[in-house]
């Protein structure tokens, strides 16, 4: 591997980004690029997580930049994969979703095909909003959202328990949400200090 500077649109390097050049693997993986975050990048990420629809001019003002560099940095963060997308946060209760449950699922076997089949099914079930593969006694944690307990019970009985290879199902019901912060805590990332 060798490292070379990443050039900006003007063909110059501002010293904050590098590309790690790796030899191509047999499966033709693309080259891996590496972006070194600085304090300005972190400020941009913090603002965008708080307010994803902020106009570029306002983002520039809040991060101490002019609009052009703010836009260039945001685009670079998007292209490097630090920003995966933008979305709106909706209130589930306004749509009649009253039950939030976490469902622990244990599979009978962890054969690669069985796990992939289960993961494919989970992606198709609208009731499941998030799915996490776990280590330990439980294989998966599903975050489920339904209109009522009857609907959740039907989902568990008709989908989960009837799915091949599902051995155990345990439901935990949410009775309150003291903290819900889906953002990444970029404020605790350390950045290299200028010497």
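May I ask you to derive the relative contact order of segment 92-173, considering only C-alpha pairs under 8 Å and at least 6 residues apart, and to give it as an integer percent?
47
Packing-wise, with mean Cβ within 10 Å as the measure, how do 165-171, 109-115, 139-145 rank, highest first?
Packing order, densest peptide first, comes out as 139-145, 165-171, 109-115.
Report the full-extension gain for the segment residue 188 to residue 116: residue separation times 0.36 nm, less the Cα-Cα distance, to one decimal in nm.
Gain on stretching residue 188 to residue 116: 22.4 nm.
With a 10 Å radius around each residue's Cβ, average the other Cβ atoms per peptide and rank 76-85, 38-47, highest first.
Packing order, densest peptide first, comes out as 38-47, 76-85.
Compute the semi-axes of the equivalent ellipsoid of segment 74-182, taking the square root of 5 times each eigenvalue of the Cα gyration tensor, and list them largest first in whole Å.
After scaling each eigenvalue by five and taking roots: 26, 21, 13 Å.
In whole Å, how far is the Cα centre of segment 113-163 from that of segment 47-76?
Cα centroid of segment 113-163 versus Cα centroid of segment 47-76: 38 Å apart.
Given a Förster distance of 41 Å, report the FRET efficiency between residue 148 and residue 78 from their Cβ-Cβ distance, rounded to the nearest 0.05.
Step by step, r from the Cβ atoms, then E = 0.55.
Values quoted throughout were computed directly from the atomic coordinates according to the rules given, and no laboratory measurement underlies them. Keep in mind that what you see is a predicted model, and the values were worked out from it rather than measured. Note that each Cβ is placed from the backbone with ideal geometry, even for glycine, and that neighbours are counted across all protein chains shown.
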